[in-house]
1. Order 426, 298, most accessible first, counting only protein heavy atoms with a 1.4 angstrom probe.
2. Whole angstrom only: what separates the Cα centroid of the stretch 218-236 from the Cα centroid of the stretch 393-446?
3. Taking H as built 1.01 Å from N, whose amide H comes closer than 5 Å to the amide H of residue 293, not counting residues under 5 places away?
4. Would you please give the residues with an amide H less than 5 Å from that of residue 223, counting only those at least 5 places away or on a separate chain, with H modeled from the backbone geometry?
5. Please report, as a whole percent, how much of the solvent-accessible surface of the stretch 338-379 comes from carbon and sulfur atoms (probe radius 1.4 Å).
6. Identify all aspartates and glutamates with a Cα-Cα distance to residue 386 below 16 Å; exclude those on the same chain that are fewer than 8 residues away in sequence.
7. Could you list which residues have their amide H under 5 Å from that of residue 155, counting only those 5 or more apart in sequence or on another chain, with H placed in the peptide plane?
8. With θ set to phi - 60°, apply the Karplus curve 6.51 cos²θ - 1.76 cosθ + 1.60 along the stretch 171-188 and write out the HN-Hα couplings as whole Hz, x wherever there is a Gly or Pro.
Amino acid sequence: MTAVSASAMPPWSFSKILTGGLSEVSRTQQQVSAAFNTAVGLSQDRRFPTEEGLIVVREEGELNYFKGSVTLARCITGSGREFALRRLALSPAAEGASADPPSTSSSSKKVRSRRAAPIPGGPGGSFVSLEAMEALVREADLMLAAGQHPHVLRCYASVVENSPDAHCRLLLCDLCSKDLASHVAASQYTAPGVFAPSLSPDEVAEIGQQLAAGLGHLHCLNILAGQVTSTGVLCGRDGLWKLGDFKSATRLPIRLDAWRAQQADGGSTLFEGDGLESTPPECRVPGANEHEVELSPTIDTWLLGLLLADLLLGDNGLAASPAALQQLPLARVWLLLHWAFVEDSSARPWPHELAALLGGAAYCSPAELLESLPEQAHNRASQEAKASARQLAIDLAAAEVEEAGRRVDFGRLAELSLVQLRQELTNSSAVDALCLNCGLEPDTGEPEKSRGEAWSSPTIAAPSEPLGEAGPVRSSSVPLRRRGRAAD
């Protein structure tokens with residue numbers, strides 16, 4: 001990558017040096033990162049050339065999302081409109097790079113040209129890696145390329161701003177009120193002995209619909225989000241949730257090894273979380289085989305499903321407690337999320353399909369939702385639901401035994417089938433309700449019998465060209481209807 005020349009930067013990237021030297025330069029710029037704590041001479045007025053004309057803004061205060069790297073900026077050219085001014089900063093101190101100039105030997109020159117670049121306008125020794133510089137530029141460019149969509153954070157313009165210690169991109173974006181993480185934290189409450197999620201299942205489904213629509217828009221532009229986390233999802237002033245974190249975003253098509261190489265940290269933090277489900281299956285291949293894996297847009301479906309599962313159930317993936325599955329609205333969303341976690345990426349729903357499924361979940365019976373799932377998701381959901389029903393039946397049977405003053409034989413209860421456990425209970429209504437909520441027949445604990453032909457997994461048409469606004473379509477209609485089981 002070619003280093004950015006200080007002389008090539010627009011005039012608004014540099015401070016106005018007042019007569020009398022640097023000691024008289026304004027030092028009241030908002031300090032939003034360690035890279036800019038030592039910055040001097042940066043004017044508060046920022047000029048952004050946009051499609052709407054030149055916008056001049058002045059910073060007024062720090063906002064509470066994106067870890068303090070965003071400030072409130074007000075237009076001072078008459079409209080008074082408010083924006084969010086975001087800084088993508090890169091400094092040797094923040095990146096952990098050496099501040100010493102690279103060696104001039106022929107062997108190290110090759111390394112420097114590939115891995116190190118000077119900070120334009122910085123003193124000698126201010127070097128950052130080319131990978132980090134390219135990642136920062138790519139993030140800013142993709143935010144601009146995302147354009148305008150109700151569920152994607154809009155970026156109007158990007159300008160370069162350098163200090164002696166850091167390279168920075170200033171992004172002029174729509175103003176948002178909060179991120180999803182703070183919204184969840186403000187919604188938390190405790191209820192001893194009762195399953196109490198932070199957000200209601202209906203709100204989780206609504207958030208999922210909006211973010212899926214945003215992902216569908218990005219995929220139409222051949223952009224992979226690559227990351228869907230609560231800190232990167234923002235609530236706009238219109239009350240809609242928006243995708244705002246493009247740190248891991250990339251252009252499609254791309255292979256897994258190339259995607260990892262694009263990340264400033266080598267891809268070590270691409271997927272957050274410790275569980276196996278935090279990483280899509282196609283990204284779990286050994287490093288030597290990563291060049292063989294071409295990324296699918298449905299990676300974003302998996303990542304969105306992971307976020308929604310966390311919102312719905314806590315940090316447990318799809319592991320739902322019996323108490324949770326006794327709530328019908330939650331059980332409906334839980335069933336549908338199994339589709340997002342199908343191992344075969346070609347069998348996962350595209351984001352616009354997931355949005356439609358989440359929107360229609362409240363109008364379908366749990367049995368229909370279960371029947372609509374691809375075979376792998378269907379089997380997993382029904383087995384997990386049956387296991388939860390058995391656990392609930394064991395707990396209720398043990399409670400009845402203890403209430404009667406007898407010793408509980410958990411070994412014997414664990415060996416009983418669900419049908420036998422129901423017979424142990426004087427009142428099996430709670431177990432029956434859980435089964436019905438998950439699409440199982442209470443009498444047998446098995447999925448309802450198919451009412452049609454043999455089942456075949458729904459297929460998704462993989463686009464061979466850039467996606468249109470409508471996105472890819474299924475080879476069959478989207479409405480939930482199971483078509484039987486092919487070869488049991």
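The values are calculated or read from the model by the stated rules, or taken from the named source; none is laboratory data. These figures come from a predicted structure and were not determined experimentally. Protein only, heavy atoms only, side chains kept; ligands, DNA and RNA dropped before computing areas. Shrake-Rupley method; radii C 1.70, N 1.55, O 1.52, S 1.80 Å.
1. These residues rank, largest area first, as 426, 298.
2. The two parts, judged by their Cα centres, are 44 Å apart.
3. 256, 257
4. 252
5. On the way: 650 of 1200 Å².
Answer for the stretch 338-379: carbon and sulfur cover 54 percent of the accessible area.
6. 371, 395, 415, 432, 441, 443, 446, 448
7. The list, which skips near neighbours in sequence, is 147.
8. 10, 9, 10, 5, 7, 10, 9, 6, 9, 5, 4, 5, 5, 5, 4, 6, 8, 5
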